[in-house]
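The values are calculated or read from the model by the stated rules, or taken from the named source; none is laboratory data. Since the model is a prediction, treat every value here as computed from it, not as a measurement. Backbone-built Cβ (ideal geometry, glycine too); neighbour counts: all protein chains shown. Calculation scope for accessible area: heavy atoms of the full protein, side chains included, ligands and nucleic acids excluded. Shrake-Rupley method; radii C 1.70, N 1.55, O 1.52, S 1.80 Å.
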Amino acid sequence: MNPKASLLDRDSARRNHPGLIRPSLKTRIITSLVVAGMVGVAIFAFARLEFSFARLGSGMAQLATFLGLMVPPSAGGSAATFFKALGETVAIAFLGTLLAAIIALPLGFLAAQGMIGGWAMRFLTRRFSDTIRGVDTLIWALIWINVVGLGPFAGVLAIMTSDIGSFTKLFSEAIEATDRKPAEGVTSTGGNRLHVMRFGVLPQVMPVLISQTLYYFESNTRSATIIGIVGAGGIGLHLAEMIRTYEWDRVAFIILMILATVAVIDFFSSRLRTRLIGLRRAEA
């Protein structure tokens, strides 16, 4: 590389972007204060939460003992029961995700700017989704267990309720990011708002919505395991029981089952998402 050209480029950068090459004193002071504040908060958090490297070291030694007890994994004659419960967990995740996506689709149009309803409806829909999304799935599971009782039905309702808020936000953002030209074309031919959403917007966002739904299905398979621990059905109940009774070989077997299931779902959903994105690019 020519040294003179490099010097010229540096001189040009200094002239055109002086703030990037040498920030002002005010910028450096503010940056230093922000970094110092973050370090101070971290130190306070470590002290307040009683963080201890000694306890961490002893805990890691205990963890190594548990891992040793997990080898080799064994179903202990309960493989059929475990697989049935795992199928229940996958069904909980699938139904909860599907119902949430169906309910969130019209809510996404209500929350999207320029679609249906006025600013008041859009504001209320967005705040509703924020409220629903702000409560964790595990909390919803505890709520629904007290409403409908123990079992997988409460798990389906918990995942559905939690995902309605997330899907509403994601769907509305995808709808707002669509190209307005197809919608204008539908309007110019005499179409109403319903026609615009059906033929001008929905074909554009459908691959994105399906991709997001597939991702949440994969994630909810893990969530369904956790909520099963509190009594919402599925493999989580058996996992919690095995941990309580110190059956570590069975714990390892259940964990491997869950990991294998999530990996299979991730593989097929990734392939399907890739195809959907490819079709969308080809249509564009």
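Calculated from the structure, semi-axes √(5λ) of the Cα gyration tensor in Å equals which of (i) 42, 26, 18; (ii) 31, 24, 16; (iii) 41, 36, 21? Here the calculated entry is (iii).
Computed on the Cα atoms alone, the convex hull of the stretch 96-223 gives a volume of 97 cubic angstrom per residue. When each of the peptides 256-268, 154-166, 212-224 is scored by how many other beta carbons lie within 10 Å of its residues on average, the order from highest to lowest is 154-166, 212-224, 256-268.
Computed over all pairs of different Cα atoms, the Kirkwood value for the hydrodynamic radius of the stretch 127-193 is 14.2 Å. Here the chain exposes an accessible surface that is 68 percent carbon and sulfur, computed with a 1.4 Å probe and the other protein chains kept in place.
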